[in-house]
Amino acid sequence: MSGRRSQARRYAVLALYQWQMTGQEPAAIMRHFFDDPAWMQVIAEGLGLLKGEQQSLADAVYDLQLFQELLRGVPERVEDLDRQLERVLDRPLRQVTPVDLAILRLGVYELDQSPQIPFRAILNETVELAKEFGSTDDSHRYVNGILDRLARTLRPAEFVPQGGGGDMPTSEPSSAPARKARSTSSAGVTSAAGRRPETPPTGRES
């Protein structure tokens, strides 16, 4: 992913994952992030995310305001976000792996709270996040389907009839190939009811 806003979402997914798994206050996670950028690198490496990458997370340029908004806004509105997700999920929320859940919550938040961003742009961003961070090779398809269904409720005006009638077809971006399958156990991702990963060392850190 490239671009300052894309990088902010990338960081936000990792921070939200950490919030879900440890119960740390978002403000504390944010302080670690700002005081010690390598701290978030430890979380990413714990998930097996940086193999083969040349750029360090800590060296990337990102949109600070968007990162702060997502890390504050998602936890503040999590109950409402989860209610919306439960309307379209094909399984109980607790059965969605934490990293996929972090991506879905981020996507629903932006669909609901950022009307200035076209829904397709939000879907594109979240699908790319799921390709990079998702728990399986199919995570990006799953995320795309869930958020597309929610967008039809949250953004009905953007689904305008075409010449032949019917909704505007959705399409899944294909700019990046799906990464190799990564088992949830080897990546350090467990079900929401599973064990927590080892907490990273505290530090100062379209």
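The values are calculated or read from the model by the stated rules, or taken from the named source; none is laboratory data. For clarity, every value in this text was computed on a predicted model and none was experimentally measured. Cβ sites come from the backbone with ideal geometry, for glycine too, and all protein chains shown count toward neighbours.
Across region 43-77, the qualifying residues are those that are of a type in the set (A, V, I, L, M), in a helix (DSSP H, G or I) and surrounded by fewer than 17 Cβ atoms within 10 Å (Cβ to Cβ), and the one among them that is modelled with the highest pLDDT is LEU64.
Checking each residue in region 113-126 for being more than 15 Å from ARG5 (Cα to Cα) and buried (at least 17 other Cβ atoms within 10 Å of the Cβ) picks out PHE119, ARG120. Of the numbered criteria (1) of a type outside the set (S, T, N, Q); (2) modelled with pLDDT under 95; (3) in a helix (DSSP H, G or I); (4) under 19 Å from PHE133 (Cβ atoms), the one LEU85 fails is (2). Against the definition (at pLDDT 95 or above and not aliphatic (A, V, I, L, M)), how does ASP112 come out, yes or no? Here the answer is yes, as ASP112 does meet what is asked. Looking across region 102-119 at every residue that is among the small types (Gly, Ala, Ser) and in a helix (DSSP H, G or I), the one that is nearest to ALA15 (Cα to Cα) is identified as ALA102.
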